[in-house]
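Here's the structure, in structure tokens; my notes come after.
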Amino acid sequence: MIYTESKKEKYILVGIFGNDEDKAEASLSELEELAHTAGADVDCIVLQHLEHPNASTYVGKGKVEEIACLVRQCDADGIICDDELTPVQIRNLSDILDVKVIDRTILILDIFAAHASTAEGKLQVETAQLRYRASHLSGIGKALSRLGGGIGTRGPGETKLETDRRTIRRRLGVLNEEIKKLSEVRKNGRKKRLDSSIPVAAIVGYTNAGKSTLLNSLTGAGILEEDKLFATLDPTTRLCTLPQGQEILLTDTVGFINKLPHNLIDAFKSTLEEAKYADILIHVVDGSDPGVRSHMDVVYGTLRELEITGKPILTIFNKMDLAGEDVILRDDNADITVKASLKTGMGVEQLLEKLGDLLLKDQQYIDIILLYGRMISIYC
Ligand SMILES: Nc1nc2c(ncn2[C@@H]2O[C@H](COP(=O)(O)OP(=O)(O)OP(=O)(O)O)[C@@H](O)[C@H]2O)c(=O)[nH]1
Ligand SMILES: [Mg+2]
């Protein structure tokens with residue numbers, strides 16, 4: 001028997017930093033994780049100190065030459081830049097380097113395309129991809145000839161890469177209609193949940209923080225948990241009964257990330273709206289990640305962008321089995337915080353107790369004396 005293994009693409013990661021090198025390094029290591037999630041290998045990382053991206057080649061001219069040498073030395077299939085590139089930057093870099101030029105947005109869109117499983121998820125990803133392509137046609141048009149397969153070519157839009165703006169616009173119109181129909185179905189489902197008087201909690205957080213692990217451990221939902229970014233794209237809701245006897249509906253949602261493409265936020269609005277209509281938010285944070293502070297800032301920034309504010313928040317600092325003893329974790333936006341390891345079960349009991357407390361806090365108790373006749377009318 002002959003075993004064949006498809007060859008993994010090799011990439012060079014490229015980033016720039018103004019005054020915060022640590023932040024840029026963290027962003028590049030996240031870009032590396034994204035590349036691995038998309039099934040690619042990373043050969044090396046190039047970081048340049050530059051206040052603003054170079055308008056024509058993203059990095060400076062000398063750095064491009066350096067990258068061209070690295071591409072030849074490593075026999076790399078392409079480069080991945082840590083920001084969204086302009087059409088001009090894509091075209092110039094493709095011309096000079098003669099390999100694939102990918103940016104952070106294409107990479108994230110590609111992962112979403114690979115992970116979308118429901119009809120709604122697929123339509124949303126295709127919408128975001130087409131909007132990106134419509135705004136980058138002049139740049140990617142030429143680079144397309146180099147796209148044999150792999151990153152940037154996956155997803156429902158792959159056969160339409162060479163279509164022109166008008167065709168894209170027409171297709172976007174069709175997609176909008178389809179998404180509208182599906183979001184009506186989602187709205188009806190949500191209305192039923194809201195009418196049921198059982199409180200709804202949306203599980204939000206940075207990607208890979210442990211949101212699905214939480215839903216699985218509390219309800220046995222059986223959702224895919226993976227040490228990969230954006231494992232979950234489609235919301236799942238399950239009923240959970242707390243030890244105090246209260247019932248609560250928990251909804252797992254798509255994770256957030258630094259520099260989440262605007263096209264994706266727009267396209268996924270109806271999915272992300274699940275959190276908008278929830279009674280409370282459960283914010284799952286990877287407490288063991290050195291970037292915990294900036295991850296929380298990204299989550300609250302994205303929630304503000306989606307106009308999801310003013311809700312009671314329970315923050316779970318998760319993965320405490322991996323965090324150092326002396327790590328200081330606080331969240332000033334949260335009403336209640338709890339430390340836990342959802343994988344080992346540590347702190348889950350306390351978490352359920354605090355969730356119950358938060359639900360009670362949200363309830364109003366009123367004492368009223370009713371005349372017998374009025375009581376009858378209430379029960380009628
Ligand atoms: N060590 C450790 N790993 C954990 C813990 N909780 C979750 N994980 C792991 O972290 C990874 C990500 O967990 P998920 O539940 O898929 O994370 P998510 O937030 O749903 O991620 P996305 O859906 O990709 O946004 C998985 O490999 C989990 O097994 C924990 O308490 N400790
Ligand atoms: Mg998940």
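Taking each residue of segment 216-239 that is more than 11 Å from ligand 2 (Cβ to nearest atom) and looking for partners that are of a type in the set (Lys, Arg) with beta-carbon atoms closer than 6 Å, six or more apart or interchain, yields Thr219/Arg238. Checked across segment 349-362, the condition of being out of contact with any Gly (no Cβ under 7 Å at 6 or more places or on another chain), in contact (Cβ under 8 Å) with a residue 12 or more places away in the chain, outside the structural domain of Arg131 (by TED's automatic domain parsing) and within 16 Å of ligand 2 (Cβ to nearest atom) holds for no residue.
Among the conditions (1) assigned to a loop (DSSP other than H, G, I, E, B); (2) under 29 Å from Ala35 (Cβ atoms); (3) without any contact (Cβ under 8 Å) to a residue 40 or more places away in the chain, Leu272 misses just one, which is (1). Criterion applied to Ser197, Ser217, Ser212 was being surrounded by fewer than 17 Cβ atoms within 10 Å (Cβ to Cβ) and either more than 27 Å from Lys180 (Cβ to Cβ) or touching a Pro at 6+ places or on another chain (Cβ under 7 Å) (or both), and the one residue passing it is Ser197.
In this structure, does Ile67 turn out to be closer than 13 Å to Tyr11 by Cα, in a helix (DSSP H, G or I) and either of a type in the set (Ser, Thr, Tyr) or over 21 Å from the mean Cα position of the chain (by Cα) (or both)? Spelling it out, Ile67 is indeed closer than 13 Å to Tyr11 by Cα, in a helix (DSSP H, G or I) and either of a type in the set (Ser, Thr, Tyr) or over 21 Å from the mean Cα position of the chain (by Cα) (or both). Please verify whether segment 214-226 includes one or more residues that are touching an Asp or Glu at 6+ places or on another chain (Cβ under 9 Å) and assigned to a loop (DSSP other than H, G, I, E, B). Checking segment 214-226: at least one residue is touching an Asp or Glu at 6+ places or on another chain (Cβ under 9 Å) and assigned to a loop (DSSP other than H, G, I, E, B). Here Asp82 meets the list (1) touching a Lys or Arg at 6+ places or on another chain (Cβ under 6 Å); (2) in contact (Cβ under 8 Å) with a residue 60 or more places away in the chain; (3) farther than 24 Å from Val125 by Cα almost entirely, failing just condition (3).
Val327 meets the conditions (1) away from ligand 1 (no atom under 16 Å from the Cβ); (2) at pLDDT below 95; (3) assigned by TED's automatic domain parsing to the domain that holds Asn216 in every case but one. The failed one is (1).
Table: residues versus (1) modelled with pLDDT under 95; (2) among the small types (Gly, Ala, Ser).
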position: Lys23; (1), (2): yes, no
position: Leu28; (1), (2): no, no
position: Cys69; (1), (2): no, no
position: Ala76; (1), (2): no, yes
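Taking segment 81-122 as the range and being hydrophobic (A, V, I, L, M, F, W, C) and touching a Phe, Trp or Tyr at 6+ places or on another chain (Cβ under 8 Å) as the test, the residues that pass are Cys81, Leu85, Leu93, Ile102, Ile106, Ile108, Leu109, Ile111, Phe112. For the residues Ile168, Ile248, Ile179, the requirement of being within 25 Å of Ile316 (Cβ to Cβ) and either of a type outside the set (Lys, Arg) or assigned to a strand (DSSP E or B) (or both) singles out Ile248.
So Thr207 ticks every box in (1) without any contact (Cβ under 8 Å) to a residue 60 or more places away in the chain; (2) within 22 Å of Gly347 (Cβ to Cβ); (3) more than 8 Å from ligand 1 (Cβ to nearest atom) but one. Which box is left unticked? Unmet condition: (3).
Take the residues in segment 275-303 that are in a loop (DSSP other than H, G, I, E, B) and modelled with pLDDT under 95; name whichever of them is surrounded by the fewest Cβ atoms within 10 Å (Cβ to Cβ). Here the residue is Pro290.
In segment 7-20, the residues that are among the basic types (Lys, Arg) reach residues that are part of a strand (DSSP E or B) with C-beta atoms within less than 6 angstrom, at least six apart or across chains, in these pairs: Lys8/Asp41; Lys10/Asp41; Lys10/Asp43. Consider segment 185-213 and keep the residues that are closer than 18 Å to Gln246 by Cα and assigned to a helix (DSSP H, G or I). The one that is farthest from ligand 2 (Cβ to nearest atom) is Asp195.
The values are calculated or read from the model by the stated rules, or taken from the named source; none is laboratory data. Bear in mind the structure is a predicted one, so any value in this text is a computation, not a measurement. Cβ: placed from backbone, ideal geometry, glycine included. Neighbour counts: every protein chain shown.
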